[in-house]
1. Looking only at segment 87-111, count how many residues are modelled with pLDDT of 95 or more, open to solvent by 80 Å² or more (accessible area, probe 1.4 Å) and of a type in the set (D, E, K, R).
2. Output yes when any residue across segment 4-11 is closer than 21 Å to residue 109 by Cβ, over 14 Å from the mean Cα position of the chain (by Cα) and surrounded by fewer than 20 Cβ atoms within 10 Å (Cβ to Cβ), and no when none is.
3. Which numbered condition in (1) assigned to a loop (DSSP other than H, G, I, E, B); (2) free of Cβ contacts under 8 Å to residues at least 24 places away in the same chain; (3) of a type outside the set (S, T, N, Q); (4) surrounded by 14 or more Cβ atoms within 10 Å (Cβ to Cβ) is the only one that residue 42 fails?
4. Would you mind telling me which numbered condition in (1) under 27 Å from residue 13 (Cβ atoms); (2) open to solvent by 60 Å² or more (accessible area, probe 1.4 Å); (3) over 9 Å from the mean Cα position of the chain (by Cα); (4) charged (D, E, K, R) residue 81 fails?
5. Starting from segment 94-113, keep only residues that are over 14 Å from residue 13 (Cα atoms) and hydroxyl-bearing (Ser, Thr, Tyr), then list their pairs with residues that are outside any strand (DSSP E or B) and open to solvent by 90 Å² or more (accessible area, probe 1.4 Å) whose Cβ atoms are within a distance under 9 Å, requiring at least 6 positions of separation or different chains.
6. Only residues that are assigned to a loop (DSSP other than H, G, I, E, B), open to solvent by less than 60 Å² (accessible area, probe 1.4 Å) and either touching a helix residue (DSSP H, G or I) at 6+ places or on another chain (Cβ under 8 Å) or closer than 15 Å to residue 76 by Cα (or both): list them for segment 45-61, please.
Amino acid sequence: QVRLVESGGGLVEAGGSLRLSCAISGMTFTTNFYGWYRQAPGKQREWVARINNHGGTNYADSVRGRFAISRDNAKNTVYLEMNSLKPEDTAVYYCKVELRNYWGQGTQVTVSP
């Protein structure tokens, strides 16, 4: 059974940083692409970042230069380093196995002004 468990969310002031983790089990980790998505209250879920199986990355314009996605194949874990956080980054953040439609349960990130 595939499981994705996010952690690392919380409350932070604007300008602060957080590091999200997504631990993945029940599947082969190294060959897959992974993504981070977020959903703010009253809004649709949106894509944030993606990492391929060779470590190549892509970012949404709204987070490029502030967020960094990475992976640790030895730990079966994907990370999202978030810096210079803004109140508009407030959302539930989800990790996903791209092309396989497996999702985690989400972790709340709240950025205060």
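The values are calculated or read from the model by the stated rules, or taken from the named source; none is laboratory data. Computed from a prediction, not measured in an experiment: that's the story for all the values here. Quick reminder, even Gly has a Cβ in these numbers, built from the backbone with ideal geometry, and neighbours come from all protein chains shown. To get the accessible areas, we keep the full protein, side chains included, count just its heavy atoms, and leave off ligands, DNA and RNA. Shrake-Rupley method; radii C 1.70, N 1.55, O 1.52, S 1.80 Å.
1. 1
2. Checking segment 4-11: at least one residue is closer than 21 Å to residue 109 by Cβ, over 14 Å from the mean Cα position of the chain (by Cα) and surrounded by fewer than 20 Cβ atoms within 10 Å (Cβ to Cβ).
3. (4)
4. Evaluating residue 81 over (1) under 27 Å from residue 13 (Cβ atoms); (2) open to solvent by 60 Å² or more (accessible area, probe 1.4 Å); (3) over 9 Å from the mean Cα position of the chain (by Cα); (4) charged (D, E, K, R) leaves (3) as the failure.
5. Short answer, once both residue conditions are applied: 94/45; 94/105.
6. 52, 53, 55
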